[in-house]
Amino acid sequence: MNNMKNLMISIDAMGGDNAPHEICKGAIAACKEYDDINITLVGDSEQIKKCIEENPISENSRISIVHADERIEMDDHPTLSMRKKRRSSMRIAMEMVRSGEAQGVVSAGNTGAIVAGGVIVIGRLPSIDRPALGVPLPTVNRCTFLLDVGASVHCRAINLYHYALMGNIYSQKILGIEKPMVSLLSNGSEEIKGDEVVAEAREMISKANLNYTGYIEGNEIVYGNADVVVCDGFMGNVILKFGEGLVSAAHSIIKEEMGQRFLPKVGMVFMIPMLKALWNRFNYEKYGGTPLLGIDGVVIKAHGRSKSPAILSALKTARNLIKKGGVEQIRSELE
(Lines give C-alpha, C1' and ligand atoms only; values in the text may rest on other atoms or scores of the structure.)
Protein backbone atom coordinates (compact mmCIF):
# COMPACT_ATOMS: atom_id res chain seq x y z
CA MET A 1 0.00 0.00 0.00
CA ASN A 2 1.02 3.57 -0.65
CA ASN A 3 1.75 5.38 2.65
CA MET A 4 3.45 8.44 1.19
CA LYS A 5 2.97 11.53 3.32
CA ASN A 6 2.60 14.12 0.59
CA LEU A 7 0.44 13.21 -2.35
CA MET A 8 0.17 15.32 -5.47
CA ILE A 9 -3.16 15.39 -7.29
CA SER A 10 -3.66 17.35 -10.49
CA ILE A 11 -7.05 18.86 -11.27
CA ASP A 12 -8.52 19.93 -14.58
CA ALA A 13 -9.64 23.30 -13.23
CA MET A 14 -11.47 24.21 -16.45
CA GLY A 15 -13.59 21.05 -16.67
CA GLY A 16 -17.28 21.09 -15.75
CA ASP A 17 -20.21 23.49 -15.74
CA ASN A 18 -18.97 25.44 -12.70
CA ALA A 19 -15.29 25.75 -13.57
CA PRO A 20 -13.01 27.17 -12.42
CA HIS A 21 -14.57 28.80 -9.33
CA GLU A 22 -16.18 25.73 -7.74
CA ILE A 23 -13.25 23.53 -8.72
CA CYS A 24 -10.88 25.84 -6.87
CA LYS A 25 -13.16 26.01 -3.82
CA GLY A 26 -13.24 22.21 -3.71
CA ALA A 27 -9.45 22.05 -3.91
CA ILE A 28 -9.09 24.50 -1.03
CA ALA A 29 -11.60 22.53 1.03
CA ALA A 30 -9.62 19.34 0.40
CA CYS A 31 -6.40 20.95 1.59
CA LYS A 32 -8.19 22.12 4.73
CA GLU A 33 -9.46 18.61 5.44
CA TYR A 34 -6.35 16.61 4.54
CA ASP A 35 -2.86 17.73 5.49
CA ASP A 36 -1.16 15.09 3.33
CA ILE A 37 -2.19 16.27 -0.12
CA ASN A 38 -0.86 18.87 -2.52
CA ILE A 39 -2.92 20.02 -5.47
CA THR A 40 -2.01 21.40 -8.87
CA LEU A 41 -4.78 23.35 -10.57
CA VAL A 42 -4.38 23.23 -14.34
CA GLY A 43 -6.10 25.86 -16.47
CA ASP A 44 -6.33 29.60 -17.12
CA SER A 45 -3.88 30.92 -14.54
CA GLU A 46 -5.48 34.37 -14.28
CA GLN A 47 -8.93 32.98 -13.53
CA ILE A 48 -7.54 30.44 -11.08
CA LYS A 49 -5.49 33.09 -9.23
CA LYS A 50 -8.60 35.21 -8.70
CA CYS A 51 -10.42 32.22 -7.21
CA ILE A 52 -7.51 31.36 -4.90
CA GLU A 53 -7.08 34.98 -3.77
CA GLU A 54 -10.71 35.01 -2.61
CA ASN A 55 -9.66 32.48 0.04
CA PRO A 56 -6.38 33.75 1.56
CA ILE A 57 -5.64 30.85 3.92
CA SER A 58 -2.49 28.96 4.90
CA GLU A 59 -3.60 25.80 3.09
CA ASN A 60 -3.18 27.63 -0.22
CA SER A 61 0.57 27.07 0.11
CA ARG A 62 -0.09 23.46 -0.91
CA ILE A 63 -1.89 24.56 -4.06
CA SER A 64 0.07 25.33 -7.22
CA ILE A 65 -1.06 26.48 -10.67
CA VAL A 66 -0.05 25.25 -14.12
CA HIS A 67 -1.26 27.40 -16.99
CA ALA A 68 -3.15 25.82 -19.89
CA ASP A 69 -4.05 27.72 -23.05
CA GLU A 70 -6.98 25.51 -24.04
CA ARG A 71 -9.92 23.67 -22.52
CA ILE A 72 -11.91 20.70 -23.73
CA GLU A 73 -15.58 21.61 -23.96
CA MET A 74 -18.44 19.31 -23.02
CA ASP A 75 -19.54 18.95 -26.65
CA ASP A 76 -16.05 18.41 -28.10
CA HIS A 77 -15.30 15.11 -29.83
CA PRO A 78 -13.56 13.05 -27.11
CA THR A 79 -10.69 11.45 -29.00
CA LEU A 80 -10.05 14.28 -31.45
CA SER A 81 -10.01 16.94 -28.74
CA MET A 82 -7.61 14.90 -26.61
CA ARG A 83 -5.25 14.44 -29.57
CA LYS A 84 -5.48 17.96 -31.01
CA LYS A 85 -5.82 20.12 -27.88
CA ARG A 86 -2.43 19.26 -26.45
CA ARG A 87 -2.39 22.46 -24.38
CA SER A 88 -5.77 21.77 -22.83
CA SER A 89 -6.15 21.69 -19.05
CA MET A 90 -7.39 18.10 -19.08
CA ARG A 91 -4.54 16.76 -21.19
CA ILE A 92 -1.83 18.57 -19.19
CA ALA A 93 -3.35 17.34 -15.90
CA MET A 94 -3.22 13.77 -17.23
CA GLU A 95 0.33 14.17 -18.53
CA MET A 96 1.36 15.00 -14.97
CA VAL A 97 0.18 11.52 -13.93
CA ARG A 98 1.99 9.88 -16.83
CA SER A 99 5.25 11.66 -15.96
CA GLY A 100 4.95 10.89 -12.26
CA GLU A 101 4.57 14.53 -11.22
CA ALA A 102 1.13 13.66 -9.83
CA GLN A 103 -0.22 10.42 -8.40
CA GLY A 104 -3.78 11.06 -9.55
CA VAL A 105 -6.00 13.35 -11.62
CA VAL A 106 -9.53 14.68 -11.13
CA SER A 107 -11.77 16.22 -13.79
CA ALA A 108 -15.44 17.20 -14.01
CA GLY A 109 -15.12 17.65 -17.76
CA ASN A 110 -16.16 15.78 -20.91
CA THR A 111 -16.61 12.10 -19.92
CA GLY A 112 -15.56 10.73 -23.30
CA ALA A 113 -12.43 12.88 -23.30
CA ILE A 114 -11.51 11.68 -19.81
CA VAL A 115 -11.78 8.06 -20.97
CA ALA A 116 -9.86 8.82 -24.16
CA GLY A 117 -7.19 10.68 -22.19
CA GLY A 118 -6.85 7.82 -19.76
CA VAL A 119 -6.15 5.44 -22.63
CA ILE A 120 -4.13 7.75 -24.92
CA VAL A 121 -2.15 9.76 -22.38
CA ILE A 122 -1.78 7.53 -19.30
CA GLY A 123 -2.29 4.10 -20.86
CA ARG A 124 -4.16 0.91 -19.96
CA LEU A 125 -3.09 -1.77 -17.54
CA PRO A 126 -1.70 -4.92 -19.19
CA SER A 127 -4.45 -7.32 -20.36
CA ILE A 128 -7.18 -4.67 -20.07
CA ASP A 129 -8.76 -4.00 -23.46
CA ARG A 130 -11.30 -1.40 -22.33
CA PRO A 131 -11.45 0.60 -19.09
CA ALA A 132 -14.61 1.00 -17.03
CA LEU A 133 -16.16 3.83 -15.05
CA GLY A 134 -17.46 2.56 -11.73
CA VAL A 135 -19.84 4.46 -9.49
CA PRO A 136 -21.10 3.67 -5.97
CA LEU A 137 -24.91 3.72 -5.91
CA PRO A 138 -26.77 4.29 -2.63
CA THR A 139 -29.34 1.51 -2.20
CA VAL A 140 -31.68 0.36 0.57
CA ASN A 141 -29.16 -1.53 2.68
CA ARG A 142 -25.72 -1.03 1.16
CA CYS A 143 -23.68 0.87 -1.41
CA THR A 144 -23.63 -1.00 -4.73
CA PHE A 145 -20.68 -0.50 -7.10
CA LEU A 146 -21.96 -0.33 -10.69
CA LEU A 147 -19.63 -0.60 -13.69
CA ASP A 148 -19.41 0.33 -16.51
CA VAL A 149 -21.44 3.56 -16.54
CA GLY A 150 -20.20 5.08 -19.77
CA ALA A 151 -16.57 4.36 -20.65
CA SER A 152 -17.41 1.70 -23.28
CA VAL A 153 -20.83 1.70 -24.90
CA HIS A 154 -20.50 -1.75 -26.45
CA CYS A 155 -18.57 -4.59 -24.82
CA ARG A 156 -17.37 -8.08 -25.55
CA ALA A 157 -17.72 -10.85 -22.99
CA ILE A 158 -14.06 -10.55 -22.01
CA ASN A 159 -14.62 -6.89 -21.15
CA LEU A 160 -17.51 -7.73 -18.82
CA TYR A 161 -15.33 -10.43 -17.26
CA HIS A 162 -12.56 -7.89 -16.61
CA TYR A 163 -15.13 -5.46 -15.14
CA ALA A 164 -16.24 -8.15 -12.70
CA LEU A 165 -12.64 -8.75 -11.61
CA MET A 166 -11.87 -5.04 -11.22
CA GLY A 167 -15.16 -4.32 -9.44
CA ASN A 168 -14.49 -7.15 -7.03
CA ILE A 169 -10.98 -5.86 -6.26
CA TYR A 170 -12.19 -2.26 -5.84
CA SER A 171 -14.98 -3.34 -3.49
CA GLN A 172 -12.59 -5.45 -1.43
CA LYS A 173 -9.53 -3.24 -1.22
CA ILE A 174 -11.04 0.25 -1.44
CA LEU A 175 -14.62 -0.05 -0.16
CA GLY A 176 -13.69 -2.61 2.49
CA ILE A 177 -16.18 -5.37 1.61
CA GLU A 178 -14.66 -8.70 2.59
CA LYS A 179 -16.44 -10.96 0.09
CA PRO A 180 -18.36 -8.84 -2.42
CA MET A 181 -21.43 -10.32 -4.07
CA VAL A 182 -20.88 -9.92 -7.82
CA SER A 183 -23.83 -9.94 -10.23
CA LEU A 184 -24.27 -9.51 -13.97
CA LEU A 185 -27.06 -7.22 -15.17
CA SER A 186 -29.59 -8.99 -17.38
CA ASN A 187 -33.25 -8.89 -18.41
CA GLY A 188 -34.14 -11.74 -16.05
CA SER A 189 -32.68 -13.87 -13.30
CA GLU A 190 -32.92 -17.16 -15.22
CA GLU A 191 -29.78 -18.45 -16.90
CA ILE A 192 -31.53 -18.59 -20.28
CA LYS A 193 -31.87 -14.77 -20.22
CA GLY A 194 -29.42 -12.28 -21.67
CA ASP A 195 -27.96 -11.94 -25.14
CA GLU A 196 -24.95 -13.87 -26.45
CA VAL A 197 -22.40 -11.47 -24.94
CA VAL A 198 -24.00 -11.54 -21.50
CA ALA A 199 -24.39 -15.33 -21.61
CA GLU A 200 -20.74 -15.80 -22.57
CA ALA A 201 -19.64 -13.38 -19.83
CA ARG A 202 -21.75 -15.33 -17.31
CA GLU A 203 -19.85 -18.52 -18.15
CA MET A 204 -16.51 -16.77 -17.66
CA ILE A 205 -17.45 -14.95 -14.45
CA SER A 206 -19.05 -18.02 -12.87
CA LYS A 207 -15.76 -19.94 -13.27
CA ALA A 208 -13.64 -17.18 -11.72
CA ASN A 209 -12.67 -17.00 -8.06
CA LEU A 210 -15.50 -14.59 -7.25
CA ASN A 211 -18.58 -14.62 -5.05
CA TYR A 212 -20.75 -14.65 -8.17
CA THR A 213 -24.48 -14.56 -7.35
CA GLY A 214 -25.90 -14.79 -10.89
CA TYR A 215 -27.95 -12.41 -12.98
CA ILE A 216 -29.57 -9.35 -11.44
CA GLU A 217 -32.48 -7.33 -12.85
CA GLY A 218 -32.67 -3.55 -12.80
CA ASN A 219 -35.39 -3.45 -10.13
CA GLU A 220 -33.24 -5.51 -7.75
CA ILE A 221 -30.30 -3.08 -7.76
CA VAL A 222 -32.10 -0.53 -5.57
CA TYR A 223 -32.54 -3.11 -2.82
CA GLY A 224 -28.81 -3.72 -2.56
CA ASN A 225 -28.97 -7.35 -3.70
CA ALA A 226 -25.37 -7.17 -4.92
CA ASP A 227 -22.16 -5.37 -3.96
CA VAL A 228 -20.92 -5.23 -7.56
CA VAL A 229 -23.15 -5.03 -10.64
CA VAL A 230 -21.51 -5.50 -14.05
CA CYS A 231 -22.91 -4.26 -17.37
CA ASP A 232 -21.86 -2.47 -20.55
CA GLY A 233 -21.48 1.30 -20.55
CA PHE A 234 -24.71 1.91 -22.44
CA MET A 235 -26.94 0.15 -19.91
CA GLY A 236 -24.95 1.44 -16.95
CA ASN A 237 -25.27 5.04 -18.08
CA VAL A 238 -29.02 4.65 -18.65
CA ILE A 239 -29.44 3.24 -15.13
CA LEU A 240 -27.31 6.00 -13.60
CA LYS A 241 -29.11 8.84 -15.39
CA PHE A 242 -32.54 7.34 -14.70
CA GLY A 243 -31.71 7.07 -11.01
CA GLU A 244 -30.50 10.68 -10.86
CA GLY A 245 -33.63 11.87 -12.66
CA LEU A 246 -35.93 9.83 -10.44
CA VAL A 247 -34.48 11.26 -7.23
CA SER A 248 -34.59 14.81 -8.61
CA ALA A 249 -38.18 14.38 -9.86
CA ALA A 250 -39.32 12.93 -6.51
CA HIS A 251 -37.77 15.93 -4.73
CA SER A 252 -39.62 18.35 -7.06
CA ILE A 253 -42.95 16.50 -6.78
CA ILE A 254 -42.84 16.52 -2.97
CA LYS A 255 -42.14 20.28 -2.93
CA GLU A 256 -44.94 20.92 -5.41
CA GLU A 257 -47.50 18.85 -3.52
CA MET A 258 -46.54 20.46 -0.22
CA GLY A 259 -47.00 23.90 -1.74
CA GLN A 260 -50.53 23.17 -2.93
CA ARG A 261 -52.02 21.90 0.33
CA PHE A 262 -52.34 23.55 3.73
CA LEU A 263 -52.14 20.51 6.02
CA PRO A 264 -48.99 19.12 4.36
CA LYS A 265 -47.40 22.53 4.88
CA VAL A 266 -48.05 22.21 8.60
CA GLY A 267 -46.79 18.63 8.63
CA MET A 268 -43.75 19.68 6.64
CA VAL A 269 -42.31 21.32 9.75
CA PHE A 270 -41.97 17.90 11.32
CA MET A 271 -40.89 16.17 8.11
CA ILE A 272 -38.03 18.52 7.20
CA PRO A 273 -35.33 16.61 9.15
CA MET A 274 -36.43 13.32 7.58
CA LEU A 275 -36.55 14.76 4.06
CA LYS A 276 -33.12 16.34 4.48
CA ALA A 277 -31.68 13.00 5.64
CA LEU A 278 -33.35 11.21 2.73
CA TRP A 279 -32.07 13.73 0.18
CA ASN A 280 -28.56 13.58 1.66
CA ARG A 281 -28.62 9.79 1.44
CA PHE A 282 -29.09 9.91 -2.32
CA ASN A 283 -27.07 13.07 -3.03
CA TYR A 284 -24.34 12.32 -5.59
CA GLU A 285 -22.06 14.97 -4.02
CA LYS A 286 -21.66 12.72 -0.99
CA TYR A 287 -20.27 9.74 -2.89
CA GLY A 288 -17.28 11.32 -4.54
CA GLY A 289 -16.08 10.86 -8.07
CA THR A 290 -16.18 7.93 -10.43
CA PRO A 291 -12.91 5.99 -10.79
CA LEU A 292 -11.79 5.01 -14.27
CA LEU A 293 -10.59 1.46 -13.66
CA GLY A 294 -8.20 -0.38 -15.97
CA ILE A 295 -5.97 2.67 -16.45
CA ASP A 296 -2.34 2.68 -15.29
CA GLY A 297 -2.93 5.59 -12.94
CA VAL A 298 -5.59 7.11 -10.71
CA VAL A 299 -8.20 8.93 -12.82
CA ILE A 300 -11.36 10.25 -11.16
CA LYS A 301 -14.35 11.61 -13.08
CA ALA A 302 -16.45 14.11 -11.13
CA HIS A 303 -20.02 14.98 -12.08
CA GLY A 304 -20.26 17.66 -14.77
CA ARG A 305 -22.44 19.84 -12.50
CA SER A 306 -20.06 19.45 -9.55
CA LYS A 307 -19.80 22.24 -7.03
CA SER A 308 -17.14 22.43 -4.33
CA PRO A 309 -18.58 19.66 -2.06
CA ALA A 310 -18.58 17.20 -4.98
CA ILE A 311 -15.03 18.18 -5.95
CA LEU A 312 -13.96 17.65 -2.34
CA SER A 313 -15.54 14.17 -2.45
CA ALA A 314 -13.82 13.40 -5.76
CA LEU A 315 -10.46 14.39 -4.28
CA LYS A 316 -11.23 12.22 -1.27
CA THR A 317 -11.83 9.27 -3.63
CA ALA A 318 -8.57 9.98 -5.47
CA ARG A 319 -6.65 10.24 -2.19
CA ASN A 320 -8.15 6.99 -0.92
CA LEU A 321 -7.33 5.14 -4.14
CA ILE A 322 -3.74 6.42 -4.09
CA LYS A 323 -3.16 5.73 -0.39
CA LYS A 324 -4.47 2.18 -0.66
CA GLY A 325 -2.53 1.47 -3.83
CA GLY A 326 -5.68 0.72 -5.80
CA VAL A 327 -4.05 0.61 -9.23
CA GLU A 328 -1.27 -1.64 -7.98
CA GLN A 329 -3.85 -3.91 -6.30
CA ILE A 330 -5.79 -4.29 -9.56
CA ARG A 331 -2.62 -4.89 -11.59
CA SER A 332 -1.41 -7.52 -9.14
CA GLU A 333 -4.73 -9.36 -8.98
CA LEU A 334 -5.16 -9.38 -12.76
CA GLU A 335 -1.69 -10.81 -13.19
Of LYS50/LYS301; LYS179/LYS301; LYS25/LYS316; LYS241/LYS323, which sit over 19 Å apart, Cα to Cα? LYS50/LYS301; LYS179/LYS301; LYS241/LYS323
Exposure of TYR161 as accessible area (Å², to 10), given a probe of 1.4 Å and all protein chains: 60 Å²
Just how much of ASP44 is accessible, in Å², when a 1.4 Å probe is used and the result is rounded to the nearest 10? 50 Å²
Considering the options ASN237, VAL247, VAL198, tell which one lies farthest towards the positive end of the dipole of the stretch 196-254, charges being +1 on Lys and Arg and -1 on Asp and Glu at the Cβ, about the Cα centre. VAL247
Enumerate cysteines in the chain without a disulfide-compatible partner, where compatibility requires another Cys Cβ under 4.7 angstrom. CYS31, CYS143, CYS155, CYS231
Derived scalar couplings ³J(HN,Hα) [the stretch 68-80; Karplus, 6.51 cos²θ - 1.76 cosθ + 1.60; whole Hz; x for Gly, Pro]: 10, 7, 10, 9, 8, 7, 5, 9, 6, 5, x, 6, 4
With every protein chain left in place, what is the accessible area of GLU46 in Å² (1.4 Å probe, nearest 10)? 110 Å²
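Tell me what the chain gives for mean residue ellipticity at 222 nm when only DSSP H runs of n ≥ 4 count, each as -39,500 (n - 2.57), the sum divided by the residue total, rounded to 500 deg cm²/dmol.
On the way: 12 runs with 152 residues, N = 335.
After summing the helix terms and dividing by the residues of the chain, the value is -14500 deg cm²/dmol.
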Expected output is a single nm value to one decimal: the length gained when fully extending between GLU203 and ASP36, i.e. 0.36 nm times separation in residues minus the C-alpha distance. What is it? 55.7 nm
Length-normalised contact order for the stretch 63-198 - Cα pairs under 8 Å, 6+ apart - percent: 15 percent
Any idea of the accessible area per residue across the chain, 1.4 Å probe, to the nearest Å²? 47 Å²
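Can you send over the carbon and sulfur percentage of the accessible area for the stretch 85-219, probe radius 1.4 Å, protein chains only? Display every interim value, and only then the final one.
Details: 2570 of 5480 Å².
Heavy-atom surface of the stretch 85-219 belonging to carbon and sulfur, 1.4 Å probe: 47 percent.
What relative contact order, as a whole-number percentage, does the chain give when Cα pairs under 8 Å and 6 or more residues apart are counted? Don't skip to the end; give the middle numbers.
Details: 689 pairs, mean separation 77.3, N = 335.
Relative contact order, the chain: 23 percent.
The values are calculated or read from the model by the stated rules, or taken from the named source; none is laboratory data. Predicted model, so just to flag it, every value in this text is computed and none were measured. Reconstructed Cβ throughout: ideal geometry from the backbone, glycine too, with neighbour counts over all protein chains shown. In case anyone asks, the SASA skips ligands and DNA or RNA and just uses the protein heavy atoms, side chains included. Shrake-Rupley method; radii C 1.70, N 1.55, O 1.52, S 1.80 Å.
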